[in-house]
Every structure is written in C-alpha cells, then in structure tokens.
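Here's the structure, in structure tokens; my notes come after.
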Amino acid sequence: MTTHTVRVVDARDAVPGTRRGGELRTLLTPSAVGATSGFMGVARIEPGDWIAEHYHPYSEEFLYVVQGDVVVELDDVPHRLGPDQALMVPIGMRHRVRNAGNVDVRIVFHLGPLAPRPDLGHVDTEERYGT
C-alpha cells in the first residue's frame with residue numbers, strides 16, 4: 001500500500017501570474033502537491049487580452065477551453081477553439097493564446113513531463129507590459 005497525502009487546492013488561493021498576459025494560476029505542482037510528472041493550472045483571459053508567445057523545451061501542453069472563444073497560434077498558424085474543445089501543443093512549439101470573443105475565457109492547462117528545473121521549463125519569445 002502506498003501512502004500519499006492528498007491536498008485539495010482551491011484556485012482562489014493560488015497567486016495569479018499576469019506578467020505574460022491573462023491571469024495564470026498553477027494549482028497542482030511539484031511544490032504544492034508533490035506532482036512528479038507535470039503540473040496543472042487554470043487561465044483566465046479577458047476580452048482583448050492574450051498570453052504572450054512562448055514555448056516549452058521539455059513539455060507538451062494540453063489546453064482545454066471551459067468558457068469563451070480563443071485563437072491558439074501554433075508556430076504562427078491560428079487554431080480556433082470554443083467551450084469543451086482542447087488541443088495539445090507539442091514540445092518546443094511556439095504558441096500564443098488570444099481571447100477571440102467578448103467574454104472572459106477560462107482554460108485548464110496541463111504540462112508534462114516536467115523540465116529538469118522550473119527555470120528551464122518556459123521560454124518567452126514575446127514580451128508583455130515592457131517586462
């Protein structure tokens with residue numbers, strides 16, 4: 001029998017990241033719950049906003065749209081998704097997520113496998129807000 005402490009994580013308790021655009025909250029992470037194969041979170045993107053282009057050199061990213069309409073640009077090719085639609089971003093592929101409607105977008109995302117270190121997992125290719 002394996003023993004593991006289960007921790008329920010509330011998105012309202014996660015500090016939102018906004019530097020890349022949108023509002024990203026990582027929830028099920030190695031530091032929060034002891035995850036070993038990846039991490040999961042939620043994103044909210046207001047109308048007219050987007051998450052800046054970036055790529056993950058070690059991880060695939062899975063995106064599931066809960067609410068709203070988005071355009072996900074994969075290596076500059078647009079893919080439109082609505083509620084209850086999902087796609088996978090392959091390892092190393094540049095991507096940007098843009099709200100394509102007039103209501104807040106809500107997305108669930110999962111990345112895996114983990115990068116060797118957290119600072120190696122994400123490479124920005126576009127700056128937002130001058131940072």
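The values are calculated or read from the model by the stated rules, or taken from the named source; none is laboratory data. Here the structure is a predicted model, which means the values were calculated and not measured. Cβ placement follows ideal geometry from the backbone for every residue including glycine, while neighbour counts extend to all protein chains displayed. Remember, those area values only see protein heavy atoms, side chains included, never the ligands or the DNA or RNA. Shrake-Rupley method; radii C 1.70, N 1.55, O 1.52, S 1.80 Å.
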Check: Once the principal axes of the Cα atoms of the stretch 65-104 are found, what is the range along each, listed largest first in whole angstroms?
Finding: 29, 16, 12
Checklist line | Per residue value of the accessible surface for the chain (all protein chains in place, 1.4 Å probe), Å² | finding: 58
Note to self: Once you keep just the Cα pairs under 8 angstrom separated by 6 or more residues, what percentage relative contact order results for the stretch 62-112?
What the structure shows: 50
Check: Just from its helices, what would the mean residue ellipticity at 222 nm be for the chain, if runs of 4 or more DSSP H residues each count -39500 (n - 2.57) and the sum is divided by every residue, rounded to the nearest 500 deg cm²/dmol?
Finding: -500 deg cm²/dmol
Next item on the list: Using packing as a proxy for protection, rank 94-107, 25-38, 5-18 so that the peptide with the highest average count of other Cβ atoms within 10 Å comes first.
Entry: 94-107, 25-38, 5-18
Note to self: Pairs of alpha-carbon atoms within less than 8 angstrom and 6+ residues apart define the contacts here; what relative contact order does the chain have, in percent?
What the structure shows: 29
Next item on the list: Decide, for the stretch 14-62, between rounded, prolate and oblate: order the square roots of the alpha carbon gyration tensor eigenvalues as a ≥ b ≥ c, take rounded if a/c falls under 1.5, and otherwise choose prolate if a/b is larger than b/c, else oblate.
Entry: oblate
Checklist line | Accessible area of the chain belonging to carbon and sulfur atoms, whole % at 1.4 Å probe | finding: 55
Checklist line | Compactness of the chain as Cα Rg over 2.2 N^0.38 Å, two decimals | finding: 1.05
Margin query: If you count only protein heavy atoms and use a 1.4 Å probe, how large is the accessible surface of E60, to the nearest 10 Å²?
Written below: 60
